[in-house]
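Peer 1: If you scroll down you'll find the structure; I have some questions about it.
The values are calculated or read from the model by the stated rules, or taken from the named source; none is laboratory data. Computed from a prediction, not measured in an experiment: that's the story for all the values here. Positions of Cβ are generated from backbone atoms using ideal geometry, with glycine treated the same way; all protein chains shown enter the neighbour counts.
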Amino acid sequence: MENLTVLVVATLVLVAIPGPNVALIVANSLRSGLPAGLVTVFGTTLGVALQLALVVVGMVAIIEFAAAALSWVKWVGVAYLLWLGIQTWRQPADSLQSIEAVPAVFWRGCLIAAINPKTLIFNAAFLPQFVAPNASVGQVLVVAGVFLTVLLGGDLLWALFASSARPVLVRFTRLRHRLTGGFLIVAGVGLALSRRA
């Protein structure tokens, strides 16, 4: 139980430090409101869950291989986020009400979370610290579940925070586009700077 408490606190600290996933969540929440932010959160959570599935199964060698193989995919994601950021930055003030299709927002979030090799390797190193050496698969699943639940809760708070700032920014549409575009660019740069540990 003590390990789970430490895991929750450590995960809360991690969620408080914005990375590419949080930048994408904030950008989508600012651009299209809370529903898009929430859908993005569920997409990024699925992406992290896919990574955790590899960790839980204990495929460290496959994780190393996958991180190397995902390197080229990561750069496609970087280019896509930068392109989105620049397009959003340049949007005219009258495009305030444009809302993206929900599936596109969900899968973008999932892709960005799943292809980040830094979080893949980090999760493989981080989670085992909270599991006893001879732990059963059930115990590992509990740890992964707690981690994913705290991550989901923290990311939902990021979406709520960003969407609550949106009404203020509605009056300043160009500023809103600049902030949204800036967060997308930051997400792209964050993904570009992520390296295998």
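Peer 1: Looking at PHE122, is it within 15 Å of VAL15 (Cα to Cα) and out of contact with any helix residue (DSSP H, G or I) (no Cβ under 8 Å at 6 or more places or on another chain)? Reasoning before the result, please.
Peer 2: Numbers: within 15 Å of VAL15 (Cα to Cα): yes; out of contact with any helix residue (DSSP H, G or I) (no Cβ under 8 Å at 6 or more places or on another chain): yes.
Answer is yes for this residue.
Peer 1: What do you reckon, is LEU82 farther than 21 Å from LEU14 by Cβ, modelled with pLDDT of 75 or more and aliphatic (A, V, I, L, M)? Break it down into steps so the answer makes sense when it comes.
Peer 2: Working: farther than 21 Å from LEU14 by Cβ: yes; modelled with pLDDT of 75 or more: yes; aliphatic (A, V, I, L, M): yes.
Spelling it out, LEU82 is indeed farther than 21 Å from LEU14 by Cβ, modelled with pLDDT of 75 or more and aliphatic (A, V, I, L, M).
Peer 1: Hey, does the stretch 104-122 have a residue that's crowded, with 21+ Cβ neighbours inside 10 Å and more than 16 Å from the chain's Cα centre (by Cα)?
Peer 2: No, the stretch 104-122 contains no residue that is crowded, with 21+ Cβ neighbours inside 10 Å and more than 16 Å from the chain's Cα centre (by Cα).
Peer 1: Still on this model: Cβ-Cβ below 6 Å, separation at least six or inter-chain, first residue in the stretch 24-36 and at positive phi, second among the polar types (S, T, N, Q): which pairs?
Peer 2: GLY33/SER163
Peer 1: For the stretch 133-152, give me each residue that is modelled with pLDDT of 85 or more and exposed (fewer than 15 other Cβ atoms within 10 Å of the Cβ).
Peer 2: The answer is GLY145, THR149.
Peer 1: Just checking, how many residues over the stretch 13-42 are within 27 Å of VAL131 (Cα to Cα), surrounded by fewer than 21 Cβ atoms within 10 Å (Cβ to Cβ) and modelled with pLDDT of 85 or more?
Peer 2: Residues that pass the stated criteria total 1.
Peer 1: Moving to a separate point now. Modelled with pLDDT of 85 or more, hydroxyl-bearing (Ser, Thr, Tyr) and either under 30 Å from GLN139 (Cβ atoms) or surrounded by fewer than 21 Cβ atoms within 10 Å (Cβ to Cβ) (or both), is that true of THR45? If you could, list the steps in order and put the result at the bottom.
Peer 2: On the way: modelled with pLDDT of 85 or more: yes; hydroxyl-bearing (Ser, Thr, Tyr): yes; either under 30 Å from GLN139 (Cβ atoms) or surrounded by fewer than 21 Cβ atoms within 10 Å (Cβ to Cβ) (or both): yes.
Taking the combined requirement at face value, the residue satisfies it.
Peer 1: I need every pair where a residue in the stretch 80-94 that is over 18 Å from ILE112 (Cβ atoms) has its Cβ under 7 Å from the Cβ of a residue that is modelled with pLDDT under 70, sequence separation at least 6 or different chains.
Peer 2: Close Cβ pairs (under 7 Å, with a partner that is modelled with pLDDT under 70) amount to ALA93/THR173.
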